[in-house]
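K.L.:
Supplied in C-alpha cells, the structure appears directly below.
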C-alpha cells in the first residue's frame, strides 16, 4: 500500500526537472562523469526546485537560515559523459519541522543514470538546529502534496 | 589604431553569450566564487561558442582531435556569489593553423567580474600537434570576422 | 555478537589512516568543507589503502580493470574548515568476487566528522562486470582479516 | 644582468617544495589533470610556503586580512595523470606594501609540467585594500631574499 502510493507520487511527477549540461571538468580519466560530481548536480536540483516553488535558497540564507546536509546517498546505474544533456529530477520525499529529505533522479533522455537523496537539518546563523520558519514550511508542505 | 579596431571588434559583439548560474559548490569561505572556478566557466564559454558556430567540441574529439590548453590568463575585477546569474562572453581573439586563443569576459549584469584568455594547440589522438582540419578552420575563420 | 565482532574489528584498527589537509578550494560560503568534497577524500582513502596493502589502483587500471563506484553513502556529524588536518580512516567492510565495499571514517583529532561507504564493482576495459583477479582478491582478503 | 640574478635566485632555490599526489578527481576524459586544477595546486603551494616561513594563511585570515587573487597566469608544458606525485615549487617573485606575486613551478621528477603566477592584493574584512601588516611584511621580505 505504502509502496503503491509512493510509486503513484513519482508517476504524478511531483518532481521538478532541471537540465544540466556535463562540463569537461566534470569528467575523469574513465571518460565519464566523476561520481562525486553528481551530488553537485543534486545541489543544482534542490536550488532550482526551491526557486520554482517560490523562494530561493539564497533568500533563505539571507534570512539567517541554512539547510545543512546531514546525509547523502547515491546509486549509480549508468554513466554520463562530456556534453551530455542531463535532467535532474528533484522532489521532497520527507518533511519535518526541523529538516527534510530531497530525492533526486538523474536521467539522460529515458535512461536513469543516478538516483539519490540528501537529508538536511535547518540551522540558524549560530549553528543551532531550529524549526523551519512557518511560512517556508507551508510552501514546502504544499510542494510535497 | 590597433586598439581602436580591437575595441571596435568588441563593440560589434563577435562575442557569444552564455548564462552560468553560480552553484554553492563554486563558492569558498570568503563567500565568493573561488578564483580557480572561473576557468571552468571559460570552458563552458568556448563549448557553447563552438556549438553556436555549428559544430561541437565533442564532435571535434570524436574525429580524433583535441584543443589542449597551453596557456591561461585571468584578471579578477569583481567577485560573484552563490546564485548569481553570470554571462560568459566568448570570442576567438587569435587563430592560427595549429592553434587559437579564446578571449572571455564574465559579467554580472553590467559589471565586469573576470576577463581572461586560454591558448590552445590542436593535437591528434597520438598527442602530436597537427593542423586544425580545414573545414573546421574555415568555420572558425568565419567566426573571427 | 555480530556487533561485538564488528566493533572489535574497528578497535583493532584494520583501518588505514591517511592525512588530508583541507584546501581553500574545498570550502564553501558557509565557511566549511562543501559536503560533496568528502567523497573525494574517500577516494584518497581507498587509493592509499591499496598502496599500503601492496598494489596501487593505478596498476589495477593498467592491468585493464576498474572498480567503478555503484553506491555512495555519507553521514555528516561535524564540519571541517580550511587548513584543518584530517585523518581519513579506510577499511574494506565487505568483499565479494566481483565487488567490494569500502568504509571510511574522517576525523579531526578525536572528533568524527563524516562516516561513509562506497560500493564498487570490478569491470574490465569493455565495461563488463568481471571477477576481481585472484591474486588481488587474495591481497584484499588478507586485508580484511 | 637582471636575468642573471633572477636565474640565480631560482637556482638558489628560494622556492619552497610541496608534494601533491594527483587524485582521480583531478583528471579529465583526456586522461590527464584538468588544466583548471593546477591553480588549486598553486593554492596548496602558497599555503605551505607561508606555513614554512612561520605563519599560516589561516592565522592571517583570523587576524582579519585576506590575500585576494587579482591575477592568474599558467603555462602548460606537459601533462600529469592519476597517482603522479608532483612537486609544487613556490616563491614570492614580487612584494609590495599592499600586495604580492607568487611564482610556481610544478614538476614530476625533472619534468616541468606547469609554470604560473598569482597576483594578490591585501584586503581587510570590509573588502578594503590595505597595507600588509608590518610584521608579516617583514617575514615575507626575509623570504624574498
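The values are calculated or read from the model by the stated rules, or taken from the named source; none is laboratory data. On a predicted model such as this, the values are computed, not experimentally measured, just so you know. Note that we place each Cβ from the backbone using ideal geometry, even for glycine, and neighbour counts take in every protein chain shown.
K.L.:
Please find, among C:117, C:81, the residue that is without any contact (Cβ under 8 Å) to a residue 60 or more places away in the chain, under 26 Å from residue B:40 (Cα atoms), within 12 Å of another protein chain (Cβ to nearest Cβ) and out of contact with any helix residue (DSSP H, G or I) (no Cβ under 8 Å at 6 or more places or on another chain).
P.N.:
C:81
K.L.:
Sticking with this structure for a sec: Going by the conditions given, is residue B:58 touching a residue at least 24 places away in the same chain (Cβ under 8 Å) and more than 28 Å from residue C:29 (Cα to Cα)?
P.N.:
So residue B:58 fails the test.
K.L.:
Could you count how many residues in region B:56-71 are part of a strand (DSSP E or B) and touching a helix residue (DSSP H, G or I) at 6+ places or on another chain (Cβ under 6 Å)?
P.N.:
Qualifying residue count for the region: 1.
K.L.:
Could you please give the count of residues in region B:106-132 that are part of a loop (DSSP other than H, G, I, E, B) and surrounded by 15 or more Cβ atoms within 10 Å (Cβ to Cβ)?
P.N.:
Total meeting the criteria: 2.
K.L.:
Hey, among the residues in region B:10-68 that are closer than 15 Å to residue B:132 by Cβ and within 11 Å of chain D (Cβ to nearest Cβ), which one's surrounded by the most Cβ atoms within 10 Å (Cβ to Cβ)?
P.N.:
B:67
K.L.:
Can you name the condition, by its number, that residue D:76 falls short on among (1) in contact with a strand residue (DSSP E or B) (Cβ under 8 Å, 6 or more places away or on another chain); (2) within 20 Å of residue D:143 (Cα to Cα); (3) surrounded by 19 or more Cβ atoms within 10 Å (Cβ to Cβ)?
P.N.:
(2)
K.L.:
Kindly evaluate residue C:52 against the criterion of being touching a residue at least 60 places away in the same chain (Cβ under 8 Å) and closer than 17 Å to residue C:17 by Cβ.
P.N.:
Judged against the criteria, residue C:52 is not a match.
K.L.:
Go through region A:94-105 residue by residue and tally those that are away from every other protein chain (no Cβ under 14 Å) and either surrounded by 21 or more Cβ atoms within 10 Å (Cβ to Cβ) or closer than 16 Å to residue A:48 by Cα (or both).
P.N.:
The qualifying residues number 3.
Each row is one residue, and each column tells you yes or no for (1) at pLDDT 95 or above; (2) over 27 Å from residue C:80 (Cα atoms).
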site: A:63; (1), (2): no, no
site: A:72; (1), (2): yes, no
site: A:79; (1), (2): yes, yes
site: A:120; (1), (2): yes, no
site: A:123; (1), (2): yes, no
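K.L.:
A further question follows. Scan region B:66-81 for residues that are closer than 15 Å to residue D:119 by Cβ and under 15 Å from the mean Cα position of the chain (by Cα) and jot them down.
P.N.:
The answer is B:72, B:73, B:74, B:75.
K.L.:
Let me ask another. Can you tell me how many residues in region B:34-73 are at positive phi and in contact with a strand residue (DSSP E or B) (Cβ under 6 Å, 6 or more places away or on another chain)?
P.N.:
Matching residues across region B:34-73 total 1.
K.L.:
Follow-up question, since we're still on this one. For region D:93-102, which residues satisfy the criterion of being without any contact (Cβ under 8 Å) to a residue 60 or more places away in the chain, within 21 Å of residue B:73 (Cβ to Cβ) and assigned to a strand (DSSP E or B)?
P.N.:
D:93, D:94, D:99, D:100, D:101, listed by residue number.
K.L.:
Output the number of the condition that residue A:87 fails; it satisfies all remaining conditions of (1) surrounded by fewer than 20 Cβ atoms within 10 Å (Cβ to Cβ); (2) modelled with pLDDT of 95 or more; (3) closer than 18 Å to residue B:23 by Cβ; (4) within 13 Å of chain B (Cβ to nearest Cβ).
P.N.:
In the conditions (1) surrounded by fewer than 20 Cβ atoms within 10 Å (Cβ to Cβ); (2) modelled with pLDDT of 95 or more; (3) closer than 18 Å to residue B:23 by Cβ; (4) within 13 Å of chain B (Cβ to nearest Cβ), residue A:87 misses (4) alone.
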